[in-house]
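Before I ask anything, let me first share the structure, which is written out below as structure tokens.
The values are calculated or read from the model by the stated rules, or taken from the named source; none is laboratory data. On a predicted model such as this, the values are computed, not experimentally measured, just so you know. Heads up, the Cβs are rebuilt from the backbone with ideal geometry, glycines too, and the neighbour counts pull from every protein chain shown.
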Amino acid sequence: MANTNSPHGFTPLMRSVVGGPGAANLAAHKIVGEGTALFIHDAVQLGGSGTKNVAAIKAAAASSSIYGVNLNYGAVSTATDHIIIPGHLQMFEVQIDTVAATQLQQNAALVATAGNASTFMSKHSLGSIATTNTLEVRLLQLWQSVDNAVGAYARVVVIFTQSQFADQTAGV
């Protein structure tokens, strides 16, 4: 059975790699001048100077450190409040362009595509795979489901390797 091409961002699995439940949610906000909408399950990064007493965020770009995963929609160029699942040590399910069984446990690059304006769902997915430590995501395993197999558009379980919560990560 072929996998379906349906990117949907980073679905939180509410489990950490150390075996415990998922992390508590964090409050955050997107400032009015941010020219990119935030979609449900988008990877986000810190967004610089905010206007509230919680972190300011923006959509994550390729090759950036990840703050977490957004849980609600925020329209473009509008100040919006958000709930974030921190990315550090948390597991997520996400679609990858293509993966072979021998590539599981390697790293993959974030593909930060704009989300679906009708459903407000993310279209973030994963692209190139390599052993380099500069890619944002570590593949842990294939998502266990009867409608999922290695190959094109597979769904995988991942953690963020480039986390803004990790040691020795510069602030914004």
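Could you tell me whether any residue of region 95-103 is surrounded by 19 or more Cβ atoms within 10 Å (Cβ to Cβ), at negative phi, at pLDDT 95 or above and touching a Lys or Arg at 6+ places or on another chain (Cβ under 7 Å)?
yes
Here is a follow-up. Hey, can you tell me all the residues within region 7-50 that are on the phi < 0 side of the Ramachandran plot, in contact with a strand residue (DSSP E or B) (Cβ under 7 Å, 6 or more places away or on another chain), surrounded by fewer than 16 Cβ atoms within 10 Å (Cβ to Cβ) and not in a strand (DSSP E or B)?
17, 25, 49
Related question: Output the residues belonging to region 150-169 that are of a type outside the set (Phe, Trp, Tyr) and crowded, with 16+ Cβ neighbours inside 10 Å.
Residues satisfying the conditions are 150, 154, 155, 156, 157, 158, 159, 161, 162, 163, 164.
When both residues are 6+ apart or on different chains and their Cβ atoms are under 6 Å apart, which pairs have a first residue that lies in region 1-29 and is over 30 Å from residue 79 (Cβ atoms), and a second that is surrounded by 18 or more Cβ atoms within 10 Å (Cβ to Cβ) and modelled with pLDDT under 90?
none
Another one. Step by step: first the residues of region 151-167, then only those that are on the phi < 0 side of the Ramachandran plot and part of a loop (DSSP other than H, G, I, E, B), then the one that is modelled with the highest pLDDT. Which residue is that?
Ranking the qualifying residues of region 151-167, first place goes to 154.
For every residue, the table says whether it meets (1) assigned to a loop (DSSP other than H, G, I, E, B); (2) closer than 13 Å to residue 156 by Cβ; (3) modelled with pLDDT of 95 or more.
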site	(1), (2), (3)
52	yes, no, no
63	yes, no, no
69	no, no, yes
72	yes, no, yes
81	no, no, yes
84	no, no, yes
92	no, yes, yes
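Where residues in region 51-64 are under 22 Å from residue 123 (Cα atoms) and in contact with a strand residue (DSSP E or B) (Cβ under 7 Å, 6 or more places away or on another chain), which of them is surrounded by the fewest Cβ atoms within 10 Å (Cβ to Cβ)?
Among residues in region 51-64 that are under 22 Å from residue 123 (Cα atoms) and in contact with a strand residue (DSSP E or B) (Cβ under 7 Å, 6 or more places away or on another chain), the one surrounded by the fewest Cβ atoms within 10 Å (Cβ to Cβ) is 62.
Just checking, which of 158, 76, 94, 99 is under 17 Å from residue 23 (Cβ atoms) and either among the aliphatic types (A, V, I, L, M) or in contact with a helix residue (DSSP H, G or I) (Cβ under 6 Å, 6 or more places away or on another chain) (or both)?
Checking each option against the conditions leaves just 158.
Regarding residue 108, is this residue of a type in the set (A, V, I, L, M), out of contact with any Lys or Arg (no Cβ under 7 Å at 6 or more places or on another chain) and either in a strand (DSSP E or B) or at pLDDT below 95 (or both)?
Spelling it out, residue 108 is indeed of a type in the set (A, V, I, L, M), out of contact with any Lys or Arg (no Cβ under 7 Å at 6 or more places or on another chain) and either in a strand (DSSP E or B) or at pLDDT below 95 (or both).
Which residue pairs have Cβ atoms under 8 Å apart, sit 6 or more places apart or on different chains, and have a first residue in region 111-140 that is assigned to a loop (DSSP other than H, G, I, E, B) and a second that is among the charged types (D, E, K, R)?
The qualifying pairs are 112/42; 113/123; 114/123; 115/42; 115/123; 116/123; 122/42; 124/42.
Still on this structure, please answer the following. Go through region 7-50 and give me each residue that's hydroxyl-bearing (Ser, Thr, Tyr) and closer than 21 Å to residue 125 by Cβ.
11, 36
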